[in-house]
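These notes concern the structure reproduced below.
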Amino acid sequence: MSLIPFRQSKSRRFELLIQPHLDVLYRFAYRLAGQQQDAEDLVQDVIVKLYPRLDELEAVEQLRPWLNRVLYRHFIDQVRRKSRQGDMPLSELVEADAQADWLDSLESDQVGPDLLLEQSRLGPALDRVIATLPPDQRALVLLHDVDGWRQEDIADVLDIPLGTVKSRLHRCRAALRKKIQRELEPIPQTERVGK
């Protein structure tokens, strides 16, 4: 009598492969989409899309960056599809209010009236400004400056050269600085020009 080697079912193999990465995938999807429901839908779409490709998944050496890349590409495809459906600017596809959660999670060592006033002005302004960035730039800023990803990992996930990550990050930060300054100026630009 020969023993037949035990082989797990396809669904169990897929679950064991994907399960350790679900939290990271969801957090990344939430950073991209800005809303819980959209992030959950994004992760679910990617998982459904990958299930038939189990053999390919099992052959991937570094699964986490690979999964993040697939998720990012799927998100960009959705944004492009939505933008083709109407003449809506990309900045309107993701609501600015949905970006507020990550700023609310930031804690400070000091809680004084000056800091509270500054945070109450800066947080919503930063949310609005980040929401105006195109999805690829928003993903870059959120991954690096908020989530603390290394530039090399971002280059791998977004499938762009490291030098491109560095230059885009520099340009994004410069644009954000200008927009934040305009957003927080006490006197609107139109009133200054008239004087």
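Please compute the length gained on full extension between Gln181 and Arg69, using 0.36 nm multiplied by the number of residues separating them and subtracting their Cα-Cα distance.
37.0 nm
Protein chains only, probe 1.4 Å: how do Val146, Val70 rank by accessible area, largest first?
These residues rank, largest area first, as Val146, Val70.
Residue by residue, what Karplus-based ³J(HN,Hα) values in Hz, rounded to whole numbers, does segment 171-182 have, using 6.51, -1.76 and 1.60 with θ = phi - 60° and x for Gly and Pro?
Coupling constants for segment 171-182: 5, 4, 5, 5, 5, 4, 4, 5, 5, 5, 4, 5 Hz.
Excluding ligands and nucleic acids, what accessible area in Å² is computed for Ser9 using a 1.4 Å probe, to the nearest 10?
Accessible surface of Ser9 is approximately 60 Å².
Please list, or write none, the lysines whose alpha carbon is within less than 20 Å of the alpha carbon of Lys49, excluding same-chain residues fewer than 8 places away.
Candidates past the 8-residue exclusion: Lys10, Lys82.
What is the gain in length, in nm to one decimal, between Gln151 and Arg27 on full extension, counting 0.36 nm per residue of separation less the C-alpha to C-alpha distance?
My answer for the length gained is 42.9 nm.
The values are calculated or read from the model by the stated rules, or taken from the named source; none is laboratory data. What you see is a predicted model; the values in this text were computed from it and never measured. Just so you know, the surface numbers come from the protein's heavy atoms only, side chains and all, with ligands and any DNA or RNA stripped out. Shrake-Rupley method; radii C 1.70, N 1.55, O 1.52, S 1.80 Å.
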